[in-house]
Amino acid sequence: METLNFRFDSKPVPRAANPALCGVVGSGNLEILVKPGIEPEACRVRIKTSARGFGETWRAVLDSFATSHPAGGTVIAINDMGATPAVVTLRLAQALAEYQGGAL
Amino acid sequence: MSLNDILDSLFPAGHAVNVENKVISGEATTAKGTVAVLGTTDAAAIDHAMALALSGFILDTIEQHPGRPLVFLVDTSGQALSRSQELLCLNGSLAHLASCVDLARRQGHASLSLVTANAVSGGFLSFGLMADRAYALADAQVRVMDLRAMARVTKIAHERLVELAATSPIFAPGAESYVRMGAIEAIWPALSAERLVSALEEVVILDKQDIRQQLGLLRQGRLLANDVVRAVLDAAAG
Amino acid sequence: MIPSLAARHSWFEATARARLAGLLDAGSFTEILPPADSQPSPHLALLDLPGAFDDGVVVCHGQLEKKPIFAIAQEGQFMGGAVGEIHGAKIVGMLRRAAQEKPAAVLFLIDSGGVRLHEANAGLIAISEIMRAVLDARAAGVPVIALVGGSCGAFGGMGIVAKLCSAIIISEEGRLALSGPEVIETVAGVEEFDSKDRALVWRVTGGKHRYLMGDCAMLVEDDIAAFRRGATEFLASWTEPAPSVAHLRAGQQALEHRLAAYASYRDGLQVWAALGVAEPESVPLLDRDSLVALKEGLPT
């Protein structure tokens, strides 16, 4: 297992009342928990992943997401069991949508 | 150690116990009066017939000898592994047996179990772990799975499991782990009629709540379960 | 809308949270110890495995047709729904709370292979505690209904727990047994149980077989709404009996008769024929409604 920590600049995202959870920690899948953070223009991400050595891939996927979607003001925790970048991006979009008060 | 040696040591004042199809049933005399003696021997793999023999004997005891304490002797290698057993819902017969032990408790029968040799998963769950209190002899094997099989199934290196098992009771086989985690009350260094009598004295006055989580915390073998249960009980209602 | 054209929402495919969302009255779900307030299992971290915030089980308050209920839902996609220390303690806590607060029922969405081997002793002890807590909740008058239809079925200790519940509602896709076919094949050989023979596995452990034999009270479609209707319907006519010798005596007799009659059988086909099914080989092909009609027409 590997633990990764990142911080990305991102436009503020409006928050709903509750933290949001998407996905399941199963083979090829991951869970994403979005909670409010203290920096409105930044998104902090902490990942625990079963697959070692993919730090740069995670950085690229998350950076691209934080640039194209407002995700500022959040702390995101991820538990991963080898999800592909496409699955990661999909789950992030679902989790952020739910965080704003409605599922996709 | 033969079953007769076990019975002679535990019940020097006398016992009348039948063994059929690895199932023990009968009664014995102790300083605390007559007790029902039941359980399994020779590392029995519990099947429907054994489970129903035990449950039938418990129901007989409840009906014919109200309040008589139950002493379970546990030697089981787990459940019978066969298609015909599963076809008839083996988990159902084991659940029925567990329900009978539970009913005996509700009807005022104190119970204790003593692991004499082996106590493995399903067989242990259905009666040994259902008693008010469980004890084990010092050389008893109590486990879900040995570490080699566990290494195969979990794909974690055997050496790593051995290393972790040295400090953590969470998966290390052995009665000592179960004591630290609150499921076994104590390990008996040897068979002893005196120990049995004092254990009986304790279980008859025991509060019937399941306090194994609290014991696991007190003994520092299960650090999370008790607090999680408390947190669920104390969480604000919706 | 014609019901058959309505989109079915498979229970088998759904996550534990999706099952709960469809099972309970809309908007009534209130989670106890939600993921944002929880920590994954430290035992898994020690073995270098990522955990899940809810440790693979969701416990909650909710309503079913406006009646207050508690629900417990295991996530089969996380470590096979297996019971570890935190997972088990959440279930025990919820069952004990039910014994105190007496909701109309506990719905127990079982989807589990049993003990989580990575936390083997903690899991086994937790299952023992769950067994006692189920019986305590029932003795307090609270029905505990097992709903079985997930990819992991109800196996190992969780198979025993399922049979300790007031009743089991199962789908054709649901499986209920003690040892998994893989375990039996590994220990006793492929001649004893070929775990790759899916049809055989279902004839021995599957929902239709368990329903025909009376081990499960209801057979429902693989549809979240069908499980909801089944649970509602079951509870409407159910009064939890007090634990009694008479009740367990009756159970004992039924089990003894069954064992005497069927002990030598090794395939569901044999049992169904003995139960009076005229064309046992047609059973796997029957839809749910036809199978229920068949069972209701059997001699008792």
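The values are calculated or read from the model by the stated rules, or taken from the named source; none is laboratory data. Only a predicted model underlies this, so the values are computations on that prediction, with no experimental measurement involved. Here the Cβ is made from the backbone with ideal geometry for all residues, glycine too, and neighbour counts use every protein chain on show. To get the accessible areas, we keep the full protein, side chains included, count just its heavy atoms, and leave off ligands, DNA and RNA. Shrake-Rupley method; radii C 1.70, N 1.55, O 1.52, S 1.80 Å.
For this structure, a couple of remarks:
- Within the set C:Glu65, C:Glu101, the sole residue that is in contact with a Ser or Thr (Cβ under 6 Å, 6 or more places away or on another chain) and open to solvent by 10 Å² or more (accessible area, probe 1.4 Å) turns out to be C:Glu65.
- The criterion of being crowded, with 19+ Cβ neighbours inside 10 Å and of a type in the set (Ser, Thr, Tyr) does not hold for B:Thr29.
- Qualifying positions in the range C:88-126 - of a type in the set (Val, Ile, Thr) and at the interface with chain B (Cβ under 7 Å from one of its Cβ atoms): C:Val92, C:Val115, C:Ile125
- Of the residues screened, C:Leu24 is one that is under 21 Å from C:Phe234 (Cα atoms), within 13 Å of chain B (Cβ to nearest Cβ) and in contact (Cβ under 8 Å) with a residue 40 or more places away in the chain.
- Candidate set from the range C:219-255 (those that are farther than 20 Å from C:Ala71 by Cβ and β-branched (Val, Ile, Thr)); member that is nearest to the other protein chains (Cβ to nearest Cβ): C:Val245
- One residue stands out among those in the range A:63-104 that are farther than 16 Å from A:Val24 by Cβ and polar (S, T, N, Q): the one that is modelled with the lowest pLDDT, which is A:Gln100.
- Residue in the range B:120-130 that is open to solvent by less than 40 Å² (accessible area, probe 1.4 Å), part of a loop (DSSP other than H, G, I, E, B) and either of a type in the set (Phe, Trp, Tyr) or touching a strand residue (DSSP E or B) at 6+ places or on another chain (Cβ under 9 Å) (or both) present: yes
- Within the range C:133-145, considering residues that are crowded, with 24+ Cβ neighbours inside 10 Å and within 11 Å of chain B (Cβ to nearest Cβ), the one nearest to the chain's Cα centre (by Cα): C:Val134
- Residue pairs meeting the criteria (Cβ under 7 Å; at least 6 apart or on separate chains; first within 8 Å of chain C (Cβ to nearest Cβ), in the range A:26-49; second loosely packed, with under 15 Cβ neighbours inside 10 Å and outside any loop (DSSP other than H, G, I, E, B)): A:Lys48/A:Thr3
- Candidate set from the range B:131-145 (those that are open to solvent by 10 Å² or more (accessible area, probe 1.4 Å) and at the interface with chain C (Cβ under 10 Å from one of its Cβ atoms)); member that is farthest from the chain's Cα centre (by Cα): B:Met145
- Enumeration of residues in the range B:215-233 that are open to solvent by 80 Å² or more (accessible area, probe 1.4 Å), closer than 22 Å to C:Val57 by Cα and either more than 9 Å from chain C (Cβ to nearest Cβ) or among the aliphatic types (A, V, I, L, M) (or both): B:Leu223
- Per the conditions (1) in contact with a Ser or Thr (Cβ under 9 Å, 6 or more places away or on another chain); (2) within 11 Å of chain B (Cβ to nearest Cβ); (3) farther than 23 Å from C:Glu281 by Cα; (4) not in a helix (DSSP H, G or I), the sole criterion not satisfied by C:Ile168 is (1).
- Flag if C:Gly114 is buried (at least 24 other Cβ atoms within 10 Å of the Cβ) and either over 8 Å from the mean Cα position of the chain (by Cα) or farther than 30 Å from C:Arg198 by Cβ (or both): yes
- Here B:Ala193 meets each of (1) more than 7 Å from every other protein chain (Cβ to nearest Cβ); (2) open to solvent by less than 40 Å² (accessible area, probe 1.4 Å); (3) closer than 24 Å to C:Ile91 by Cβ; (4) among the small types (Gly, Ala, Ser) with one exception, condition (3).
- The sole residue among C:Arg210, C:Arg229 that is among the basic types (Lys, Arg) and in contact with a Cys (Cβ under 6 Å, 6 or more places away or on another chain) is C:Arg210.
- Inspection of the range B:160-174 finds a residue satisfying the criterion of being closer than 23 Å to B:Ala80 by Cβ and crowded, with 17+ Cβ neighbours inside 10 Å.
- Whenever a residue of the range C:38-64 is facing chain A (nearest Cβ under 7 Å) and farther than 12 Å from B:Leu224 by Cβ, its partners that are open to solvent by 10 Å² or more (accessible area, probe 1.4 Å) and of a type in the set (S, T, N, Q), lying with C-beta atoms within less than 6 angstrom and at least six residues away or across chains, give the pairs C:Pro50/A:Ser50; C:Phe53/C:Ser38.
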